[in-house]
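Right, one structure below, let's go through it.
Each reported figure results from applying straightforward, stated rules to the coordinates on display, with no laboratory input. The model shown is predicted, which means the values in this text are computed figures rather than measured ones. Glycine also receives a Cβ, built like all others from the backbone with ideal geometry; neighbour counts cover every protein chain displayed.
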Amino acid sequence: MLRFSLISTVHSGQDSRINNGFIRLLATKSARLGPDVPLLPAVDEEGTSVRERYAPMHRLLAPDDELLLTQQGCPGAAKRLRKQHRNCYFRYVTRLAREIRTARKLGALAMASSESWSFWTLLAHTVLTESSLLYLRWLGCRHAAGVTVATGDVKECLDFLLAGPKFRLVTT
């Protein structure tokens, strides 16, 4: 049986396994697009890393803080904290969606100006990014329903979005 790993050229020393089947499917499709169409720029206008800005997202759905408060005898505070974390998570997803859509528009303009415009590449790019954003929202909805969410799923989806087609899939 083939196993896949994600090797980012942004972090060339990093080798992390893709355990989530959905993210593995998106990564496979994205690798076929090639490195010409980035999903999201690695650094924003101020020079800060996009990866660092969205790093807290996977921690927001972790149940650790809630469990600690519940064990300390504060179930009401645990419930409020869970809701606050989820609201913050959805604000991150909204901001990420806005940035990805802006980057996609700029990428389409760049393709058009270089006369290498491809409708199918742009369509595939749109489907990949919107599927990833929908998956992130779905994880937040699962959290809202009281289902424990694997924080690794959020991290893998973010790694896919932030590394984009600048990585290659390696079978092991």
### Query
What ³J(HN,Hα) values, in whole Hz, does the Karplus curve 6.51 cos²θ - 1.76 cosθ + 1.60 give for segment 72-82 when θ = phi - 60°, with x put for Gly and Pro?
7, x, 10, x, x, 5, 5, 5, 5, 5, 4
## Note on the structure
Cα-based Rg and Dmax for segment 34-167, in Å, come out at 17.4, 63
### Spin-label pair Arg142/Gln71, simplified geometry with 7 Å Cα→Cβ offset, distance in nm
2.4
### Summary
Residues whose built amide H sits under 5 Å from the amide H of Ala62, excluding neighbours closer than 5 in sequence, are none
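Length gain on complete extension for the stretch Ser118 to Ser131, per 0.36 nm per residue less the alpha carbon to alpha carbon distance?
Gain on extension, Ser118 to Ser131, equals 2.7 nm.
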### Estimated vicinal HN-Hα couplings, Hz - segment 155-160 in sequence order (Karplus 6.51, -1.76, 1.60; Gly, Pro = x)
5, 5, 5, 5, 4, 4
### Residue-wise HN-Hα coupling along segment 107-118, computed from phi with Karplus coefficients 6.51, -1.76, 1.60 (Hz; x: Gly, Pro)
x, 5, 5, 5, 5, 5, 6, 8, 6, 10, 5, 9
### Net length gained if the chain between Thr102 and Leu81 were fully extended (0.36 nm per residue, minus Cα distance)
4.4 nm
